1. Taking the condition over 20 Å from residue 190 (Cβ atoms) and charged (D, E, K, R), does residue 96 pass?
2. Looking at 175, 157, can you tell me which residue is modelled with pLDDT of 95 or more and among the hydrophobic types (A, V, I, L, M, F, W, C)?
3. Restricting to region 47-98, give me the number of residues that are polar (S, T, N, Q) and under 21 Å from residue 199 (Cα atoms).
4. Is there a residue in region 129-142 that is part of a loop (DSSP other than H, G, I, E, B) and among the polar types (S, T, N, Q)?
5. Whether any residue in region 47-60 is of a type in the set (Phe, Trp, Tyr) and closer than 30 Å to residue 136 by Cβ is what I want to check.
6. Go through region 112-128 and count every residue that is in a helix (DSSP H, G or I), in contact (Cβ under 8 Å) with a residue 40 or more places away in the chain and surrounded by fewer than 18 Cβ atoms within 10 Å (Cβ to Cβ).
7. Of all the residues that make up region 58-98, how many are in a strand (DSSP E or B), touching a residue at least 24 places away in the same chain (Cβ under 8 Å) and under 19 Å from residue 124 (Cα atoms)?
8. Using the structure shown, decide if residue 106 is touching a Gly at 6+ places or on another chain (Cβ under 9 Å) and at pLDDT 95 or above.
Amino acid sequence: MEFSSKLLQNAVNEVAQLPGIGRRTALRLVLHLLRQPEHQTSQLTNALNVMRSSINFCAQCHNISDNLLCEICANPTRNQQTICVVEDIRDVLAIESTGSFRGIYHVLGGKISPMDGIGPSDLNIQSLVDKVQTGKVNELIFALSSTMEGDTTNFYIYKQIQGANITLSTIARGISVGDELEYADEVTLGRSITNRVPFESSIKP
């Protein structure tokens, strides 16, 4: 695709780096922005710049946050003794959209994947173990993707906290094996949270 403007080409190249955005879609988006009043484009770029420079990660759960604690952890109506363990911030958003969970979260920041060079020390696992060791946690819900890497991560955490006097559960396998959590529909995901099962049952052959 040949462009008559290097400025347009550079903008399209940057937008095309976003996930799920091809060059044709990037071009349509950039041309749409060009047709909008300049102040609207300025508001968009300003919002992105402020988000990138000012956003924090919750000191308690590692979710994205504007403050030291995210709004979920700081909410006094949430059950602080029930923690849902997820891989990614997108999984928090997916589960929150179901309205089925009133506890708090712990975002690992990924899953153990030796093939990708990701080990336990690269994830927010130790801070989760530390939480359990305080004795203030009653239940951990493993809500990682039902992939080999997700199951490996679940099992690793299980071994690290084995012996702790807490309930370990995992979301029901309404989520198909091999599926990523963020792509599950809200009804299926909500039922998986509500009908969670003991984690020990999920690792038996």
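The values are calculated or read from the model by the stated rules, or taken from the named source; none is laboratory data. All of these numbers come straight from a predicted model, not from anything done at the bench. Here Cβ is always computed from backbone atoms with ideal geometry, including for glycine, and neighbour counts include all displayed protein chains.
1. no
2. 157
3. 4
4. If we filter region 129-142 for residues that are part of a loop (DSSP other than H, G, I, E, B), which is where we start, we get 134-138.
Next cut, among the polar types (S, T, N, Q) only: 134, 138.
Within region 129-142, one or more residues are part of a loop (DSSP other than H, G, I, E, B) and among the polar types (S, T, N, Q).
5. Going through region 47-60, the residues of a type in the set (Phe, Trp, Tyr) turn out to be 57.
Checking which are closer than 30 Å to residue 136 by Cβ leaves us with 57.
Yes, region 47-60 contains a residue that is of a type in the set (Phe, Trp, Tyr) and closer than 30 Å to residue 136 by Cβ.
6. Of the residues in region 112-128, 1 are in a helix (DSSP H, G or I), in contact (Cβ under 8 Å) with a residue 40 or more places away in the chain and surrounded by fewer than 18 Cβ atoms within 10 Å (Cβ to Cβ).
7. Residues flagged as in a strand (DSSP E or B), touching a residue at least 24 places away in the same chain (Cβ under 8 Å) and under 19 Å from residue 124 (Cα atoms) within region 58-98 amount to 8.
8. no
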